[in-house]
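The values are calculated or read from the model by the stated rules, or taken from the named source; none is laboratory data. Small disclaimer: the values here were computed from a predicted structure and weren't measured. We place every Cβ from the backbone using ideal geometry, glycine too, and count neighbours over all the protein chains shown. Remember, those area values only see protein heavy atoms, side chains included, never the ligands or the DNA or RNA. Shrake-Rupley method; radii C 1.70, N 1.55, O 1.52, S 1.80 Å.
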Amino acid sequence: MEKEIRDEFKKRFNSDGIMYASSGRINLIGEHTDYNGGFVFPGAVDKCIMLAIEPNGTEIVNAYALDLKEEASFGLEEKDIPSQQWAHYIFGVCREIIKRGGVVKGFNAVFAGNVPLGAGMSSSAALESTFAFALNDLFNNNTIEKFELARIGQSTEHNYCGVKCGIMDQFASVFGKKGNLMRLDCRSGEFEYFPFNPKGYKLVLLDSKVKHELVDSPYNRRRESCERVAATIGVETLRDASFEDLEKVKDKISEEDYKRARYVIGEKQRVLDVCEALKNGDYETVGARMYETHEGLSKDYEVSCVELDYLNDIAREMGVTGSRIMGGGFGGCTINLVKDEKYDAFIASAKEKFAKKFGHEPRVIDVVISDGARKLS
Ligand code: GLA
């Protein structure tokens with residue numbers, strides 16, 4: 001991939017360009033907690049977006065998406081928003097840096113990626129982080145702090161892509177560190193690296209290859225539910241609410257909002273339990289909490305689908321230690337913590353049963369925890 005990008009850049013712009021990359025992510029536990037001020041537990045993976053880029057001395061951006069074989073050229077003012085959807089991510093990052101008082105001038109860019117699209121591994125956050133990191137280096141002497149780079153990606157989603165996401169994906173993509181997961185407190189922004197090397201276990205993703213995201217943005221509606229309940233309880237976010245608080249307002253909120261909040265409040269504690277269990281090498285507890293999260297995401301938060309529930313069922317049947325939906329949901333993948341000796345049988349069974357029921361095999365993605373945003377040359 002790196003060579004193809006370099007060759008394409010040379011061909012188009014007759015120059016070498018400077019290379020950057022940033023990663024997709026996994027999340028061990030802590031789903032839909034980030035925009036509720038709760039905890040998440042992600043890590044960057046060895047699948048990334050790579051970019052060759054160079055200032056061009058104009059006020060125009062020329063970007064080429066190698067995987068799509070499409071180009072976009074646009075100016076840097078708000079009115080210059082490009083028509084291509086993929087270019088919104090780049091335009092948004094430029095605009096968010098400028099809005100914060102940073103500098104962005106015209107540049108040429110060629111990028112490509114191997115983060116599976118639609119799998120819930122945050123290819124869009126990887127794209128945003130790569131550009132944010134590069135533009136900080138090229139035009140701002142790296143004066144923009146790393147956490148702000150993540151916020152720039154998040155604001156890009158909010159203001160240019162229509163997704164009111166939390167900070168987890170961009171945070172993981174920017175801060176990822178080889179061999180480490182990170183527990184982030186999304187209320188304070190404090191985080192801690194956790195070396196993750198579960199001896200005797202493998203972490204594997206099974207991508208259902210389906211995407212059921214509907215036009216009415218169910219993700220944003222989940223967020224609105226949580227905000228309504230928090231407002232009714234009288235706290236800023238559900239991070240500050242307990243099960244008792246929720247019971248007290250039960251009559252004032254809809255059954256649906258009640259279930260959404262019940263999931264979020266439970267998930268908060270599960271992340272802390274998992275961190276504690278990891279410190280003690282207690283993978284059985286880690287796995288048990290993962291199954292509970294799946295249950296909550298499926299029944300209370302209702303972001304699962306038949307394909308993901310089926311993958312979860314197979315994992316249970318095959319004695320997999322932990323399994324759950326990963327990411328926003330509505331399709332994408334499950335994350336599975338599997339004992340080494342059960343791995344082959346689980347994968348074989350999942351492929352066979354899933355294909356029989358849905359007509360295609362899930363994609364198997366082995367997880368390698370890797371570095372986040374970085375300069376390559
Ligand atoms: C998506 C969002 C994240 C987070 C997850 C669910 O990946 O981008 O901010 O809310 O869903 O945990």
Give me the accessible area per residue for the chain, probe 1.4 Å, as a whole number in Å².
41 Å²
Rg(Cα) / (2.2 N^0.38 Å) computed for the chain, rounded to two decimals
0.99
Farthest positive-ward along the chain dipole, Cα basis, beta-carbon charges - from 52, 269, 184
52
Per-residue ³J(HN,Hα) for region 240-251, Karplus 6.51 cos²θ - 1.76 cosθ + 1.60, θ = phi - 60°, Hz, x for Gly and Pro
8, 10, 10, 4, 5, 4, 5, 4, 5, 9, 3, 6
How many angstrom lie between the C-alpha centres of region 112-171 and region 245-313?
27 Å
Binned Cα-Cα distances of region 73-157, short to long, each 5 Å bin given as a whole percent
3, 15, 28, 26, 18, 8, 2
HN-Hα J couplings of region 325-333 from phi, Karplus 6.51/-1.76/1.60, θ = phi - 60°, integer Hz, Gly and Pro as x?
4, 10, x, x, x, 6, x, x, 10
Taking the alpha-carbon centroid of each part, what is the distance from region 176-223 to region 334-349 in angstrom?
19 Å
For the chain, what does the helix formula give at 222 nm: sum of -39500 (n - 2.57) over DSSP H segments with n ≥ 4, over the residue count, nearest 500 deg cm²/dmol?
-13500 deg cm²/dmol
So who's got an amide H within less than 5 Å of the one on residue 322, skipping anything under 5 residues away but keeping other chains? H placed 1.01 Å off N, in plane.
337
With θ set to phi - 60°, apply the Karplus curve 6.51 cos²θ - 1.76 cosθ + 1.60 along region 185-195 and write out the HN-Hα couplings as whole Hz, x wherever there is a Gly or Pro.
8, 6, 7, 9, x, 6, 8, 9, 7, 10, x
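Normalised by the residues of region 198-255, what does the relative contact order come to in percent, with Cα pairs under 8 Å and at least six apart?
Relative contact order comes out at 21 percent.
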How many Å³ per residue does the convex hull of the Cα positions in region 1-46 occupy?
107 Å³
Hull shadow area, averaged, region 291-350 [alpha-carbon convex hull, nm²]
3.6 nm²
Using a 1.4 angstrom probe on the protein heavy atoms only, could you order 243, 346 from most to least accessible area?
243, 346
So residue 15 and residue 192, fully extended at 0.36 nm per residue minus their Cα-Cα distance, gain in nm 59.7 nm
Tell me, what is the 1.4 Å probe accessible area of residue 158, in Å² to the nearest 10?
50 Å²
Compute the Kirkwood hydrodynamic radius of region 66-119, taking the inverse of the mean of 1/r over all pairs of distinct Cα atoms, and give it in Å to one decimal.
12.5 Å
Computed over the chain: relative contact order in percent, which uses C-alpha pairs under 8 Å that are six or more apart
23 percent
Residues whose modelled amide H sits under 5 Å from the amide H of residue 209, counting only those 5 or more places away in sequence or on another chain, are 332, 363
Spin-label proximity, residue 158 to region 14-40 - amide N less than 19 Å from point 7 Å beyond Cα toward beta carbon
32-40
Using a 10 Å cut-off on Cβ atoms, rank the peptides 57-63, 354-360, 174-180 from the highest mean neighbour count down.
174-180, 57-63, 354-360
Overall dimensions of region 165-242 by Cα: Rg and Dmax, Å:
16.7, 46
Can you send over the carbon and sulfur percentage of the accessible area for the chain, probe radius 1.4 Å, protein chains only?
48 percent
Counting other Cβ atoms within 10 Å, keep those with at most 15, restrict to DSSP loop, and tell me which trypsin sites (Lys or Arg not before Pro) in region 197-245 are left.
199
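How big is the C-alpha Rg of region 265-313 next to the rule-of-thumb value 2.2 N^0.38 Å, as a ratio?
Values: Rg = 11.8 Å, N = 49, 2.2 N^0.38 = 9.7 Å.
In units of the globular-protein estimate, region 265-313 measures up at 1.22.
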Here the convex hull volume per residue of region 245-347, taken over Cα atoms and given in Å³, is 99 Å³
Violations at 22 Å Cα threshold for listed pairs 268/299; 164/351; 146/177; 268/351; 177/209; 79/105 -> 164/351; 268/351; 177/209
